[in-house]
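Reviewing the structure listed below.
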Amino acid sequence: MILSLDTSTTVCSVALHQLDGTLLGCYELFTERTASSRLTTLVQDVVTHAGHALADVSAIAVAKGPGSYTGLRIGVSTAKGLCMALDEPLIGINTLAAMTEQVRPFYPPDTLFCPMIDARRMEVYCAFYNQEGNEVRATSATVLDETSFADLLARTPVVFFGDGADKARSVLTHANAIFPTTQVRPSARTVGTLAVKAYATGDFEELVTFEPYYLKEFMTTTPKQRVN
C-alpha cells in the first residue's frame, strides 16, 4: 500500500491506496492550521480504520509543492520521518499535477488544465497540463493580468481551478477561459493516484536530500524590537 499526505495549503489530508490504485481511505480537514496538530492522528486513523498497520505500507507519498511554506515543511518532514521509521521509499508529487487529476475526466480531449494556488496579491503558482496529465507548461509563480496565457487561450479551451482561480476570473475574459463552479482543493487522494504510477516505475526521491518544492525563496523578516 501507499500512504499519501497533502499539506500544501490549508487542507490537511491523508489517503491510503493499494498498489493497484484502489483507494482504501481518505481523511481531509479544511480548517486553518490543522497540519501541525492533526496530521499524525489522521495518518494513524486512516491506516487503522482501513484494517491495516503502518508496517503494511510499502511507500510514503507527499505533495511536494508548490504551496504554503509552513504546510509543505510539515508534510515533507512527516513523510521523511515515516520513511525512516518504516524503511520504505519516498515519493514526491507536484501539488498542481495532483489537483489536475481531480478534473481531467470531466472535459474533452482538446482541453488544457491550469491549477492555481494563491500566492498573495495577483500572483499564483500555476502550471498547464493536457488531457493525458502531461505538463505542457512548467510550474511557475505568475502575476496575473489581462494578457496572461493569451497564446494558449487563443488555441484551445483552458480550465482554471484552485484557490487562485478567482484572481484569474477577474482578469481573464477570453471565451476559452473556463472556471468550474465547484472548488478544487489539493488532496492526498489524487497524490496517491499519481504515487501509484510513480511506484510502478521506481520513481523515488533521495530521502536525505529531498526538500519541498517552494518555487520561490523563503522570505523572513527581522523583528523590529529586540528581546533581551
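The values are calculated or read from the model by the stated rules, or taken from the named source; none is laboratory data. This one's a predicted model, so the numbers in the text were calculated from it and none came from an experiment. Backbone-built Cβ (ideal geometry, glycine too); neighbour counts: all protein chains shown.
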TODO: Return yes when M116 is over 26 Å from L207 (Cα atoms) and either in the same structural domain as T193 (by TED's automatic domain parsing) or part of a strand (DSSP E or B) (or both) and no when it is not.
DONE: yes
Open item on the list: Looking only at the stretch 130-142, filter to residues that are of a type outside the set (S, T, Y) and in a strand (DSSP E or B); which one of those is surrounded by the fewest Cβ atoms within 10 Å (Cβ to Cβ)?
Closed with: A138
Task: Sole residue being assigned to a strand (DSSP E or B) and in contact with a strand residue (DSSP E or B) (Cβ under 9 Å, 6 or more places away or on another chain), chosen from L24, L19, L39 - done: L24
TODO: Take the stretch 58-108 and flag every residue that is assigned to a loop (DSSP other than H, G, I, E, B), touching a Ser or Thr at 6+ places or on another chain (Cβ under 9 Å) and polar (S, T, N, Q).
DONE: S68, Q102
- [ ] Just name the residue that is surrounded by the most Cβ atoms within 10 Å (Cβ to Cβ) out of those in the stretch 172-187 that are closer than 18 Å to G65 by Cα and out of contact with any Phe, Trp or Tyr (no Cβ under 8 Å at 6 or more places or on another chain).
- [x] P186
Open item on the list: For the structure I just gave you, tell me whether Y69 is more than 19 Å from Y27 (Cβ to Cβ), among the hydroxyl-bearing types (S, T, Y) and modelled with pLDDT under 95.
Closed with: yes
TODO: Could you tell me whether A175 is outside any helix (DSSP H, G or I), of a type in the set (A, V, I, L, M) and either at pLDDT below 95 or more than 23 Å from A63 (Cα to Cα) (or both)?
DONE: yes
TODO: Please name all residue pairs, on different chains or six or more residues apart, with Cβ atoms under 6 Å, provided the first residue is in the stretch 124-141 and is more than 20 Å from L215 (Cβ to Cβ) and assigned by TED's automatic domain parsing to the domain that holds P157 and the second residue is part of a strand (DSSP E or B) and among the β-branched types (V, I, T).
DONE: N130/V136
Open item on the list: Being of a type outside the set (F, W, Y), surrounded by fewer than 12 Cβ atoms within 10 Å (Cβ to Cβ) and either under 15 Å from the mean Cα position of the chain (by Cα) or within 30 Å of L54 (Cβ to Cβ) (or both) narrows it down to one residue among D151, D145, D87; which is it?
Closed with: D87
Open item on the list: Against the conditions (1) of a type in the set (A, V, I, L, M, F, W, C); (2) assigned to a helix (DSSP H, G or I); (3) touching a Cys at 6+ places or on another chain (Cβ under 8 Å), where does V47 fall short? Just the number, please.
Closed with: (3)
TODO: Output the residue which, of all residues in the stretch 94-129 that are within 19 Å of D151 (Cα to Cα) and out of contact with any helix residue (DSSP H, G or I) (no Cβ under 9 Å at 6 or more places or on another chain), is surrounded by the most Cβ atoms within 10 Å (Cβ to Cβ).
DONE: D110
- [ ] Tell me, please, whether a residue that is in contact with a helix residue (DSSP H, G or I) (Cβ under 8 Å, 6 or more places away or on another chain), modelled with pLDDT of 95 or more and within 16 Å of Y214 (Cα to Cα) can be found in the stretch 40-58.
- [x] no
